[in-house]
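Read the structure below first, then the notes.
Read-outs throughout are calculated quantities, based only on the coordinates presented, and are distinct from any laboratory measurement. Since we're looking at a predicted model, the values are computed, not measured. Using ideal geometry, Cβ is built from the backbone for each residue, glycine included, and neighbour counts are taken over all protein chains shown.
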2 protein chains.
Amino acid sequence: MKNTITYDELLSFCKNVMEKNNCSGNKAEVVADVLVEADARGIFSHGTARLKRYINHIKDKVIIPEAEPEVIFETPVSAVIDGNAGIGQYISKEAMKIAIEKAKKSGISIVVAKNSNHFGIAGYYAEMAIKEDLIGISLTNTAPLVIPTFGVERVLGTNPISVGIPCSNGNFLLDMATSVASRGKVEQYNRLNQDLNDNWAAGGNGEIMTNPAEVLDLFLSGPYGGMLPLGGNTEKSGGHKGYGLSLLVDILTGGLSSSTGSSKTYGEKTLISHFFAAINPKIFGDEDSVKKSIDGILNTVKNSKKEPGKKRIYIHGEKEKERREKSMKDGIELDDNTVLLLTKISGEFGEKITFE
Amino acid sequence: MKNTITYDELLSFCKNVMEKNNCSGNKAEVVADVLVEADARGIFSHGTARLKRYINHIKDKVIIPEAEPEVIFETPVSAVIDGNAGIGQYISKEAMKIAIEKAKKSGISIVVAKNSNHFGIAGYYAEMAIKEDLIGISLTNTAPLVIPTFGVERVLGTNPISVGIPCSNGNFLLDMATSVASRGKVEQYNRLNQDLNDNWAAGGNGEIMTNPAEVLDLFLSGPYGGMLPLGGNTEKSGGHKGYGLSLLVDILTGGLSSSTGSSKTYGEKTLISHFFAAINPKIFGDEDSVKKSIDGILNTVKNSKKEPGKKRIYIHGEKEKERREKSMKDGIELDDNTVLLLTKISGEFGEKITFE
């Protein structure tokens, strides 16, 4: 099967399809950009494979494409945004723009947004700050998929944490779910017919599950059993730490925006909340000396002794950056399922797409 | 063996011993307070069992008890402090006081400190903010004990993250090493002659180690092998996430203070760095409505279905709070080793201590 497409072609396809789904030009562009960036970086769980979900959410009025985000409260260092059930990516990009503007003036800022929708890859927004030579933080709560330590009910999201740090030579861009793995990873293992790791998921009685199909079934049948927090299912294995990070993300997103946690998202309305922060490194004195210190820390880790058989120790964001460079040169390589999905959308909306 | 002592007696013993080790009254008090608070909360790895180490560091001129922390750079939302190799707890308490003051005026603040020493439990400083109705964050780098994903050299610290959130009914106080377990835990398992979990530590070739004595030996014999980051030793088990969090703490502490990472601490000089932040919830609008949202999130998790055989889902900080209440009522119960250690110090410095 032909699977490769250029960045620009995929971008323009997604943009045109979103425009045919009641998204105005600039909103369609943001959605397309966030999705195609994910694919270009190799984060396929958050790429154009999700395009159909956004279309369905617009059809079902879960996403209101016409809605504009509103600043409902602000100070020189903060803002609270009501997303009015609009497009998650658009709300988030506008929110991070405000955070960046405020951090440039005040040094630090936090912008929270509520009544939003799925925003794609968290790293996209943290990276917006990096591009302005700022530190960026991006958090979101999500649909409830994760169970807490000693619990069996899915009351937490995969609640990712992304932090971007501008460096001299390649930036640090951490973007991680606070669960051991994401639902997208389970779907991927299911397609490949492979067993999950024994710290990824547990069933309704807390029993470890490694069959991906059975785990995916859980999500369709009641609120019990789900993904495990980073660290697994016991305190001894560190699970209470991942659980703590997930709960923290719920507090900083749904809590600070006076909304709800992951457990209450995807009811009648989607009530996703985000948290964006920007920090100007200049508030810590000489910027070059801060950068030099950060570079020194990263270089020490990169140059430290490798495990036998491993050639390299990666800094967070490096793999995705290199994959993106390859995608820009050779085109974006999608998996068969995504190609089929996009081809179907192409037919449905009369928007041409060609793979090579 | 008699093992119990009242909070006040233990506090006054520690304070007097520190005073006899060239610490002025207020500095001795801070050290005593942070150590005894750890014991009262049941965090024995960071309690008075460490008193002797601080004394030795003063003797070896690693800690200069007379040194005063200096603000070397500041803005309305930030400060950079040079600890001048002084007492870690004192530097940190002064730094968090400045962060709190600035957050009250400006809404948010970050204070970083360098050339400091071990500061005890990270949660102590995050909790200082809670007591002023602020969100508090406290991070520190540490001695290098942790290996990165695909590496075998100890270039990272256990680098804890603590975040405190004021809530209506018991606060959220996360305080976690970014490694699966701390060195103190390995020491504890060694005393109890128990095997470690199989995601705690790896040797110089990346092989999993479960014998606590052998792991402790690693730390005395060259830079290879050590504790594993939260998530364990593979990407599949999520180890790159814990590694990312640890590296992030190094960047935010040693990097932003223009100093070094964990790998360079404990050379000729101790070069520990800290990061403290305070956030005023008022910058997100009506404080009561924020608090109500946070309470709702915590209650949903607490009241969700338990794993068979588990009676309770804990919110982070609850166990320690309840243990502290018990300690205040019934006295602090220390283990035999700590009792012996304190008794020895008692003889050495002519400072009486009695256990019941």
Q) If amide H atoms are built 1.01 Å from N in the plane of the peptide, which residues on other chains or at least 5 residues away come under 5 Å of the amide H of B:Cys23? A) none
Q.
Can you find, among A:Ala181, B:Leu156, B:Met176, the residue sitting farthest towards the positive end of the charge dipole of the protein assembly as shown, where Lys and Arg contribute +1 and Asp and Glu -1 at Cβ?
A. A:Ala181
**Q.** Percentage relative contact order, the range B:131-256, counting C-alpha pairs under 8 Å, at least six apart
**A.** 28
Q) Dipole of the range A:51-136 (Lys/Arg Cβ +1, Asp/Glu Cβ -1, origin at the Cα centre): which of A:Ile55, A:Ile108, A:Gly123 lies farthest to the positive side? A) A:Ile55
Q | Equivalent-ellipsoid semi-axes of the protein assembly as shown, from the Cα gyration tensor, Å, largest first | A | 43, 27, 25
Q: Please get the size of the charge dipole for the range B:38-86, origin at its Cα centre, with Cβ charges of +1 on Lys and Arg and -1 on Asp and Glu, quoted in debye to the nearest 20.
A: 460
Q: Quick one: check the C-alpha center-to-center distance for the range B:14-45 versus the range B:104-171, whole angstrom.
A: 19
Q. According to a simple spin-label model (label point 7 Å from Cα along Cα-to-Cβ), what is the distance in nm between B:Val71 and B:Thr343?
A. 4.8
Q: Relative to the compact-globule scaling 2.2 N^0.38 Å, provide the ratio for the alpha-carbon radius of gyration of the range B:95-221.
A: 1.27
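Taking each residue in A:302-315, count the Cβ atoms of any other chain within 10 Å of its Cβ, then average. What number comes out?
Average per residue, whole number: 6.
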Q | Long-range HN-HN contacts of B:Asn115 with modeled amide H, under 5 Å | A | B:Gly83, B:Ile272
**Q.** Test item: A:174-182 mean partner chain Cβ contacts at 10 Å
**A.** 4
Q. Can you give the convex hull volume per residue for the Cα atoms of the range A:68-163, as a whole number of Å³?
A. 102
(Q) Below 8 Å, C-alpha to C-alpha, sequence gap of six or more: please give me the relative contact order for chain A in percent. (A) 22
**Q.** Along each principal axis, Cα extent of the range B:199-356, largest first, Å
**A.** 53, 48, 43
Q: Measure out, as a whole number of angstrom, how far apart the alpha-carbon centroids of the range A:215-271 and the range B:61-78 sit.
A: 40
Q: Could you tell me the largest-minus-smallest coordinate of the C-alpha atoms of the range B:27-95 on each of the three principal axes, in descending order and whole angstroms?
A: 38, 28, 17
Q) Counting each DSSP H run of 4 or more residues in chain A as -39500 (n - 2.57), what helix-only mean residue ellipticity at 222 nm follows after dividing by all residues, to the nearest 500 deg cm²/dmol? A) -12000 deg cm²/dmol
Q: Lys and Arg at +1, Asp and Glu at -1: add these up for the other residues within a Cβ distance under 13 Å of B:Lys305 and post the number.
A: +4
Q: State the answer as a single residue: which of B:Leu216, A:Ile251, A:Thr354 lies farthest towards the positive end of the charge dipole of the protein assembly as shown, with beta carbon charges of +1 for Lys and Arg and -1 for Asp and Glu, about the Cα centre.
A: B:Leu216
Q. Across peptide A:269-279, how many C-beta atoms of other chains are within 10 Å of each residue C-beta, on average?
A. 1
Q. About its Cα centre, what dipole magnitude does chain A give when the only charges are +1 on Lys and Arg Cβ and -1 on Asp and Glu Cβ, stated in debye to the nearest 20?
A. 520
Q.
Test of understanding: ordering B:Lys319, B:Lys291 by Cβ neighbours within 10 Å, fewest first, what list do you get?
A. B:Lys319, B:Lys291
Q) Under the Karplus relation 6.51 cos²θ - 1.76 cosθ + 1.60, θ = phi - 60°, what is the ordered set of whole-Hz ³J(HN,Hα) values for the range B:90-95, x standing for Gly and Pro? A) 5, 4, 5, 5, 5, 5
Q: In debye, nearest 20, what is the charge dipole magnitude of the range B:62-180 about its Cα centre with +1 on Lys and Arg Cβ and -1 on Asp and Glu Cβ, if you could check?
A: 220
Q | Cut-off 14 Å between beta-carbons: net charge of the residues surrounding B:Asn84, Lys and Arg +1, Asp and Glu -1 | A | -1
**Q.** For the range A:55-70, Karplus couplings with θ = phi - 60° (6.51, -1.76, 1.60), whole Hz, Gly/Pro x
**A.** 4, 4, 5, 5, 4, 7, 6, 6, 9, 9, x, 7, 4, 10, x, 10
Q. Can you pull out the trypsin sites (Lys or Arg not before Pro) in the range A:111-194 that DSSP calls coil and that have at most 12 other Cβ atoms within 10 Å?
A. A:Lys131
(Q) Can you list residues from other chains, or at least 5 along the same chain, whose modelled amide H is less than 5 Å from the amide H of A:Leu156? (A) A:Leu145, A:Val146
**Q.** ³J(HN,Hα) computed for each position of the range A:319-330 - Karplus, 6.51 cos²θ - 1.76 cosθ + 1.60, integer Hz, glycine/proline x
**A.** 4, 5, 5, 5, 5, 5, 4, 5, 4, 5, 7, 9
**Q.** Cα gyration tensor, chain A - rounded (a/c under 1.5), prolate or oblate
**A.** rounded
**Q.** Cross-link pairs A:Lys264/B:Lys311; B:Lys93/B:Lys319; A:Lys97/B:Lys241; A:Lys291/B:Lys264 - those with Cα-Cα distance over 21 Å
**A.** A:Lys264/B:Lys311; B:Lys93/B:Lys319; A:Lys97/B:Lys241
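How many times 2.2 N^0.38 Å is the alpha carbon radius of gyration of the range B:197-291?
Working: Rg = 18.3 Å, N = 95, 2.2 N^0.38 = 12.4 Å.
Ratio of Rg to 2.2 N^0.38 Å for the range B:197-291: 1.48.
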Q | Net charge of Cβ neighbours under 12 Å - reference B:Ser346; Lys, Arg +1; Asp, Glu -1 | A | +1
